[in-house]
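Participant: Quick one: the structure is below, questions incoming.
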Amino acid sequence: VKGDLPTILTFNYSDCPMLCSLQLNGLSAVLPKIAEPVTMPGLSNDKPVAFKIGTQVRIVTIDLEPTEPLEKLAKMKERYIHRLPEAQRAAAAEGWTFLAADTSGNDAAIRRVAESVGFKYVYVQDRAEWAHPAALIFVSSTGIVTRYVYGIEFDPAVMRESIVKAGMSEPATAVGFMNRCYH
(Lines give C-alpha, C1' and ligand atoms only; values in the text may rest on other atoms or scores of the structure.)
Protein backbone atom coordinates (compact mmCIF):
# COMPACT_ATOMS: atom_id res chain seq x y z
CA VAL A 1 0.00 0.00 0.00
CA LYS A 2 1.74 3.13 -1.22
CA GLY A 3 0.45 6.62 -1.84
CA ASP A 4 0.65 10.16 -0.61
CA LEU A 5 -1.05 9.60 2.78
CA PRO A 6 -0.55 7.23 5.70
CA THR A 7 -3.04 4.39 5.47
CA ILE A 8 -5.09 2.38 7.92
CA LEU A 9 -5.45 -1.08 6.40
CA THR A 10 -8.13 -3.55 7.51
CA PHE A 11 -9.07 -7.04 6.36
CA ASN A 12 -12.76 -7.89 6.76
CA TYR A 13 -15.71 -9.52 5.02
CA SER A 14 -19.42 -8.77 5.08
CA ASP A 15 -20.76 -12.15 6.23
CA CYS A 16 -18.39 -12.41 9.17
CA PRO A 17 -20.30 -13.80 12.18
CA MET A 18 -17.92 -12.39 14.76
CA LEU A 19 -15.46 -9.49 14.82
CA CYS A 20 -15.46 -7.81 11.40
CA SER A 21 -18.55 -5.71 12.01
CA LEU A 22 -17.45 -4.96 15.59
CA GLN A 23 -14.03 -3.84 14.38
CA LEU A 24 -15.46 -1.62 11.62
CA ASN A 25 -18.06 -0.24 14.04
CA GLY A 26 -15.21 0.67 16.40
CA LEU A 27 -13.22 2.25 13.58
CA SER A 28 -16.17 4.29 12.33
CA ALA A 29 -16.91 5.37 15.93
CA VAL A 30 -13.39 6.73 16.50
CA LEU A 31 -13.09 8.58 13.18
CA PRO A 32 -15.19 11.59 14.25
CA LYS A 33 -13.13 11.83 17.45
CA ILE A 34 -9.78 11.98 15.65
CA ALA A 35 -11.21 14.58 13.26
CA GLU A 36 -11.60 16.98 16.20
CA PRO A 37 -8.62 19.35 16.54
CA VAL A 38 -6.37 18.58 19.52
CA THR A 39 -2.92 19.68 20.60
CA MET A 40 -0.30 16.96 20.36
CA PRO A 41 2.86 17.93 22.26
CA GLY A 42 5.92 17.96 20.06
CA LEU A 43 3.98 18.45 16.83
CA SER A 44 3.55 21.61 14.77
CA ASN A 45 4.57 24.02 17.52
CA ASP A 46 1.74 22.63 19.64
CA LYS A 47 -0.89 23.82 17.16
CA PRO A 48 -4.09 21.77 17.16
CA VAL A 49 -4.17 18.95 14.61
CA ALA A 50 -7.10 16.99 13.24
CA PHE A 51 -7.01 13.77 11.24
CA LYS A 52 -9.63 13.55 8.52
CA ILE A 53 -10.11 10.69 6.11
CA GLY A 54 -8.93 11.59 2.64
CA THR A 55 -6.98 14.62 3.83
CA GLN A 56 -4.50 13.41 6.49
CA VAL A 57 -5.13 9.65 6.36
CA ARG A 58 -6.83 7.12 4.15
CA ILE A 59 -8.41 3.78 4.94
CA VAL A 60 -8.28 0.67 2.79
CA THR A 61 -10.51 -2.27 3.70
CA ILE A 62 -9.67 -5.46 1.84
CA ASP A 63 -12.43 -8.04 1.56
CA LEU A 64 -11.15 -11.46 2.68
CA GLU A 65 -13.94 -13.27 0.84
CA PRO A 66 -12.79 -13.57 -2.79
CA THR A 67 -16.31 -14.44 -4.02
CA GLU A 68 -17.97 -11.40 -2.42
CA PRO A 69 -20.18 -9.64 -5.00
CA LEU A 70 -19.19 -6.02 -5.60
CA GLU A 71 -22.75 -4.91 -4.79
CA LYS A 72 -22.47 -6.47 -1.33
CA LEU A 73 -19.11 -4.80 -0.76
CA ALA A 74 -20.56 -1.44 -1.86
CA LYS A 75 -23.38 -1.85 0.68
CA MET A 76 -20.84 -2.65 3.39
CA LYS A 77 -18.92 0.55 2.56
CA GLU A 78 -22.14 2.56 2.55
CA ARG A 79 -23.12 1.18 5.97
CA TYR A 80 -19.88 2.33 7.62
CA ILE A 81 -19.70 5.68 5.82
CA HIS A 82 -23.30 6.34 6.92
CA ARG A 83 -22.24 5.88 10.58
CA LEU A 84 -20.07 9.01 10.31
CA PRO A 85 -21.34 12.55 10.87
CA GLU A 86 -22.98 13.89 7.73
CA ALA A 87 -20.31 16.58 7.31
CA GLN A 88 -17.59 13.88 7.06
CA ARG A 89 -19.32 11.41 4.75
CA ALA A 90 -18.31 12.83 1.36
CA ALA A 91 -14.61 12.97 2.26
CA ALA A 92 -14.81 9.54 3.88
CA ALA A 93 -16.45 8.07 0.78
CA GLU A 94 -13.43 9.30 -1.21
CA GLY A 95 -10.79 8.44 1.38
CA TRP A 96 -12.04 5.00 2.49
CA THR A 97 -11.62 2.37 -0.19
CA PHE A 98 -13.12 -1.10 -0.06
CA LEU A 99 -11.26 -3.58 -2.29
CA ALA A 100 -12.39 -6.95 -3.63
CA ALA A 101 -10.58 -9.78 -5.39
CA ASP A 102 -9.55 -8.78 -8.90
CA THR A 103 -11.24 -11.93 -10.24
CA SER A 104 -14.13 -13.49 -8.32
CA GLY A 105 -12.91 -16.56 -6.46
CA ASN A 106 -9.21 -15.76 -6.94
CA ASP A 107 -7.67 -14.73 -3.63
CA ALA A 108 -4.05 -14.46 -4.87
CA ALA A 109 -3.93 -10.64 -4.70
CA ILE A 110 -5.59 -10.60 -1.26
CA ARG A 111 -3.04 -13.13 0.03
CA ARG A 112 -0.11 -11.16 -1.43
CA VAL A 113 -1.18 -7.98 0.36
CA ALA A 114 -1.90 -9.84 3.61
CA GLU A 115 1.49 -11.58 3.52
CA SER A 116 3.30 -8.33 2.75
CA VAL A 117 1.91 -6.71 5.93
CA GLY A 118 2.15 -9.80 8.16
CA PHE A 119 -1.61 -10.43 8.37
CA LYS A 120 -2.34 -14.14 8.88
CA TYR A 121 -5.74 -15.64 8.10
CA VAL A 122 -7.15 -18.99 7.06
CA TYR A 123 -10.41 -20.26 5.61
CA VAL A 124 -12.17 -22.81 7.82
CA GLN A 125 -13.99 -25.03 5.35
CA ASP A 126 -16.39 -26.83 7.71
CA ARG A 127 -17.63 -23.49 9.14
CA ALA A 128 -17.40 -21.54 5.87
CA GLU A 129 -15.65 -18.75 7.81
CA TRP A 130 -12.39 -16.87 7.73
CA ALA A 131 -10.31 -17.11 10.91
CA HIS A 132 -8.33 -13.89 11.33
CA PRO A 133 -7.30 -11.26 13.89
CA ALA A 134 -9.15 -7.98 14.35
CA ALA A 135 -6.34 -5.56 13.50
CA LEU A 136 -5.87 -2.08 12.13
CA ILE A 137 -2.57 -2.00 10.27
CA PHE A 138 -0.96 1.43 9.94
CA VAL A 139 1.15 1.83 6.82
CA SER A 140 3.37 4.75 5.84
CA SER A 141 3.06 6.48 2.48
CA THR A 142 6.15 4.53 1.41
CA GLY A 143 4.50 1.18 2.18
CA ILE A 144 6.16 0.45 5.53
CA VAL A 145 4.03 -1.12 8.28
CA THR A 146 4.47 1.09 11.32
CA ARG A 147 1.97 -0.32 13.82
CA TYR A 148 -0.72 -2.89 14.49
CA VAL A 149 -3.64 -1.79 16.64
CA TYR A 150 -5.67 -4.78 17.76
CA GLY A 151 -9.22 -4.86 19.05
CA ILE A 152 -12.71 -3.59 18.35
CA GLU A 153 -12.62 -0.29 20.27
CA PHE A 154 -9.95 2.28 19.56
CA ASP A 155 -8.55 5.03 21.77
CA PRO A 156 -8.44 8.35 19.86
CA ALA A 157 -5.01 9.18 21.33
CA VAL A 158 -3.59 5.85 20.11
CA MET A 159 -5.14 6.41 16.70
CA ARG A 160 -3.66 9.93 16.42
CA GLU A 161 -0.22 8.73 17.52
CA SER A 162 -0.40 5.82 15.07
CA ILE A 163 -1.27 8.13 12.17
CA VAL A 164 1.60 10.47 13.09
CA LYS A 165 4.05 7.54 13.30
CA ALA A 166 2.82 6.23 9.93
CA GLY A 167 3.19 9.73 8.47
CA MET A 168 6.81 9.80 9.61
CA SER A 169 7.47 6.14 8.65
CA GLU A 170 8.39 5.55 12.29
CA PRO A 171 7.68 2.08 13.68
CA ALA A 172 5.78 1.80 16.95
CA THR A 173 4.90 -1.10 19.21
CA ALA A 174 1.66 -2.96 18.69
CA VAL A 175 -1.29 -1.86 20.83
CA GLY A 176 -4.32 -3.69 22.13
CA PHE A 177 -5.39 -7.22 22.78
CA MET A 178 -5.44 -9.58 19.79
CA ASN A 179 -8.92 -10.96 19.16
CA ARG A 180 -9.29 -13.67 16.55
CA CYS A 181 -12.40 -13.97 14.42
CA TYR A 182 -13.49 -17.61 14.48
CA HIS A 183 -16.43 -19.56 15.94
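The values are calculated or read from the model by the stated rules, or taken from the named source; none is laboratory data. These figures come from a predicted structure and were not determined experimentally. Virtual Cβ from ideal backbone geometry, glycine too; neighbours counted across all protein chains shown. Areas reflect the complete protein model, heavy atoms only, side chains present, ligands, DNA and RNA absent. Shrake-Rupley method; radii C 1.70, N 1.55, O 1.52, S 1.80 Å.
Participant: Once amide H atoms are built 1.01 Å from N in the peptide plane, which residues 5 or more positions from Phe98, or in another chain, come under 5 Å H to H?
Facilitator: Those qualifying (amide H under 5 Å, at least 5 residues apart or on another chain) are Thr61.
Participant: Excluding Asn106 itself, calculate the net charge of residues whose Cβ lies under 15 Å from the Cβ of Asn106, where each Lys or Arg counts +1 and each Asp or Glu counts -1.
Facilitator: After counting each charged neighbour, the total is -3.
Participant: Taking H as built 1.01 Å from N, whose amide H comes closer than 5 Å to the amide H of Glu129, not counting residues under 5 places away?
Facilitator: Amide H neighbours of Glu129, under 5 Å, 5+ apart: Val124.
Participant: Could you check the spin-label model distance between Thr97 and Leu70? Points 7 Å from the Cα along Cα→Cβ, value in nm.
Facilitator: Inter-label distance under the simple model: 1.5 nm.
Participant: Another one. Given a 1.4 Å probe and heavy atoms of the protein chains only, how would you sort Arg127, Arg89, Arg83, largest accessible area at the top?
Facilitator: So, going from the largest accessible area down, we get Arg83, Arg127, Arg89.
Participant: To continue, here is another question. Ignoring everything except DSSP H segments at least 4 long, calculate the 222 nm mean residue ellipticity for the chain; use -39,500 (n - 2.57) per segment, divide by total residues, nearest 500.
Facilitator: -10000 deg cm²/dmol
Participant: Can you compute 3J(HN,Hα) from phi for each residue in the stretch 8-15, using the Karplus curve 6.51 cos²θ - 1.76 cosθ + 1.60 with θ = phi - 60°, rounded to whole Hz and x for Gly and Pro?
Facilitator: Along the stretch 8-15, the couplings run 9, 9, 10, 10, 8, 8, 6, 8 Hz.
Participant: Assign one of three labels to the stretch 104-172, namely rounded, prolate or oblate, based on the Cα gyration tensor with a ≥ b ≥ c the square roots of its eigenvalues; rounded applies when a/c is under 1.5, prolate when it is not and a/b is larger than b/c, and oblate otherwise.
Facilitator: oblate
Participant: Using the Cα centre of the chain as the reference point, and only Cβ charges (+1 on K/R, -1 on D/E), how large is the resulting charge dipole? Debye, rounded to the nearest 20.
Facilitator: 260
Participant: Okay, moving on. Only Cα pairs under 8 Å and at least 6 apart count here; give the relative contact order of the stretch 3-58 as a rounded whole percent.
Facilitator: Normalised by residue count, the contact order of the stretch 3-58 is 39 percent.
Participant: Using the Cα centre as the reference, give the magnitude of the dipole from point charges on the C-beta atoms of the stretch 62-163 (Lys, Arg: +1; Asp, Glu: -1; all else neutral), rounded to the nearest 20 debye.
Facilitator: So the dipole magnitude of the stretch 62-163 works out to roughly 140 debye.
Participant: Using every Cα-Cα pair within the chain, state what percent have a distance larger than 23 Å.
Facilitator: Above the 23 Å cut-off, the chain has 38 percent of its Cα pairs.
Participant: May I ask you to give the solvent-accessible area per residue for the chain, in square angstrom, as obtained with a 1.4 angstrom probe?
Facilitator: 50
Participant: Amide H neighbours of Thr146 under 5 Å, counting only residues 5+ apart in sequence or on other chains, H built in-plane at 1.01 Å?
Facilitator: For Thr146, the qualifying residues are Phe138, Val139, Ser140.
Participant: While we're here: Testing the spin-label approximation: label points 7 Å from Cα along Cα→Cβ at Ala131 and Arg111. State their distance in nm.
Facilitator: A separation of 1.7 nm, rounded to one decimal place.
Participant: In whole Hz, what ³J(HN,Hα) sequence does the stretch 142-155 give by Karplus (6.51, -1.76, 1.60; θ = phi - 60°), x for Gly and Pro?
Facilitator: Running phi through 6.51 cos²θ - 1.76 cosθ + 1.60 with θ = phi - 60° gives 9, x, 8, 6, 10, 6, 10, 10, 8, x, 10, 10, 10, 6 Hz.
Participant: So, one more: How large, in percent, is the carbon and sulfur part of the accessible surface of the chain at a probe radius of 1.4 Å?
Facilitator: 53
Participant: Over the stretch 11-118, what is the mean sequence separation of C-alpha contacts under 8 Å (at least six apart), divided by residue count, expressed as relative contact order in percent?
Facilitator: Computed value for the stretch 11-118: 30 percent relative contact order.
Participant: What is the sum of charges, Lys and Arg at +1 and Asp and Glu at -1, for the other residues whose Cβ falls under 15 Å from the Cβ of Gly42?
Facilitator: Surrounding charge for Gly42 is 0.
Participant: While we're on this one: Relative contact order of the chain, please, whole-number percent, based on alpha carbon pairs below 8 angstrom and at least 6 residues apart.
Facilitator: Relative contact order comes out at 29 percent.
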